[in-house]
Amino acid sequence: MTLATAPEPLAATTLTLHEQIGFELGWDYAHHRLVPPAPFGQEPSPLSQGLAAGQAAFGTRTLPASRHVRKWLQLRLHAWLRGRSVELEQVTPNYLRQIDVSHCPITRVPLSAATLESSDASVDRVRNDAGYAGGNLAVMSTRANLAKAACGFRDALAVVERLERDGATAHEGLGRAEWARVAVLTSFVTPLPHAEAAALPMLVLPPNRLRLFNPVQALQALISRQLLAPGWALRITRLEAMLPGKAAKLGLRLFFQALLPRVLEAAGRGADPLALRWAVEDAWRHELVRRRWSAFAATLRPDQCEAVVQRAARRGLATLRVQALPLPVATEGWNLASRGYVPHAVLMKRRVQGLSHPA
């Protein structure tokens with residue numbers, strides 16, 4: 001918490017949580033010696049009040065404004081204008097740096113920055129009925145974000161089915177393959193019956209820091225990502241040894257024998273990381289891969305999937321850091337009760353002799 005003294009005392013009054021958030025946002029703009037885009041920083045509002053208070057408090061003693069700091073402030077401004085909640089314990093400039101990507105996971109186009117084009121990078125709330133919170137964010141192109149809009153898993157799946165049924169090639173600017181990736185992406189943060197989650201192909205690998213609600217998909221991601229790092233043959237052998245029962249062990253072996261040649265055929269040996277990632281995702285389009293995965297997943301219960309993922313993570317077999325969280329902890333700060341909007345609340349400001357940055 002940063003403390004600063006203002007020249008005038010603050011009169012006692014009431015304010016809403018939305019107003020407090022606006023004041024904090026203006027304060028943080030000033031802390032990085034930035035101003036919100038016109039007219040938001042000039043019009044009378046809690047935002048402009050916080051900006052003025054911060055400018056008076058910090059002067060030139062400010063923090064550097066990196067690209068991710070600017071993105072963090074922009075995200076918070078857009079959320080504030082729409083009444084959307086932002087959880088600030090985890091959603092920081094460093095968090096945005098960690099989830100940053102070079103290409104859109106939906107359209108696969110290279111991402112641009114601040115060009116006002118459809119290829120510009122955009123931070124999306126994967127689950128639309130939740131706020132901007134840790135585990136619910138992914139970076140994609142503006143085109144993909146606008147097309148996805150408020151679509152959840154069921155909505156995106158319905159689009160895919162309708163396009164296939166009607167023989168159409170696109171909807172809202174996205175093609176069938178792209179909508180299929182939207183459906184899989186949104187499925188990760190949607191609690192699903194085990195059998196339904198097990199039947200979904202991993203047409204897009206989970207973005208960094210996204211939370212996976214379905215244990216079978218966590219196992220699916222763990223296995224799929226093995227091919228993205230050297231030493232996969234030994235790791236797969238060790239994973240197989242962790243599985244309960246001969247049926248599961250055989251199922252994994254048969255599945256991987258279907259997945260591997262299709263990845264190597266598409267990417268070749270020595271492929272760059274992005275090409276290899278896309279090759280793994282595209283391998284899931286093959287019927288044999290999907291059929292063998294379904295057969296393997298049917299040998300495991302959700303708790304067994306979760307146990308294997310945790311055990312593999314402890315033994316260093318995961319290519320990314322894996323952390324198991326109970327559902328209430330995983331959705332902390334998501335504001336599901338208010339569908340991702342700032343809860344209506346009235347706070348009380350007490351008269352103080354100086355002005356401090358709101359906690």
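The values are calculated or read from the model by the stated rules, or taken from the named source; none is laboratory data. These numbers come from a predicted model, not from an experiment. Positions of Cβ are generated from backbone atoms using ideal geometry, with glycine treated the same way; all protein chains shown enter the neighbour counts. Surface accessibility is based on the protein's heavy atoms, side chains included, excluding ligands, DNA and RNA. Shrake-Rupley method; radii C 1.70, N 1.55, O 1.52, S 1.80 Å.
Here are some notes:
- Counting the residues of region 129-176 that are on the phi > 0 side of the Ramachandran plot, surrounded by fewer than 18 Cβ atoms within 10 Å (Cβ to Cβ) and not acidic (Asp, Glu) gives 3.
- Qualifying residue in region 40-47 (condition: of a type in the set (D, E, K, R), open to solvent by 20 Å² or more (accessible area, probe 1.4 Å) and closer than 15 Å to GLY340 by Cβ): no
- Number of the exception - GLU281 against (1) of a type outside the set (Gly, Ala, Ser); (2) open to solvent by 60 Å² or more (accessible area, probe 1.4 Å); (3) in contact (Cβ under 8 Å) with a residue 24 or more places away in the chain: (2)
- Identity of the residue in region 88-109, of a type in the set (A, V, I, L, M) and within 10 Å of ALA144 (Cβ to Cβ), that ends up least open to solvent (accessible area, probe 1.4 Å): ILE106
- When each of LEU157, LEU163 is tested for being touching a strand residue (DSSP E or B) at 6+ places or on another chain (Cβ under 8 Å) and part of a helix (DSSP H, G or I), the lone residue that passes is LEU163.
- Single match in SER122, SER112, SER85 (criterion: touching a Ser or Thr at 6+ places or on another chain (Cβ under 6 Å) and surrounded by 18 or more Cβ atoms within 10 Å (Cβ to Cβ)): SER122
- Each residue in region 102-159 was checked for being in contact (Cβ under 8 Å) with a residue 60 or more places away in the chain and over 16 Å from THR186 (Cα atoms), and 3 pass.
- Selection from region 178-196 of residues that are crowded, with 17+ Cβ neighbours inside 10 Å and either more than 19 Å from GLN217 (Cβ to Cβ) or of a type in the set (Gly, Ala, Ser) (or both): GLU178, ALA180, ALA183, SER187
- Residue list for region 267-287, filter: out of contact with any Leu (no Cβ under 9 Å at 6 or more places or on another chain) and in a helix (DSSP H, G or I): LEU274, ALA275, TRP278, GLU287
- Within region 88-99, not a single residue is modelled with pLDDT under 95 and among the hydrophobic types (A, V, I, L, M, F, W, C).
- Residue list for region 200-247, filter: within 17 Å of GLU306 (Cα to Cα), at pLDDT 95 or above and of a type in the set (Gly, Ala, Ser): ALA218, ALA221, SER224, ALA241
- Residue in region 216-233 that is within 26 Å of ARG176 (Cα to Cα), open to solvent by less than 50 Å² (accessible area, probe 1.4 Å) and part of a loop (DSSP other than H, G, I, E, B) present: no
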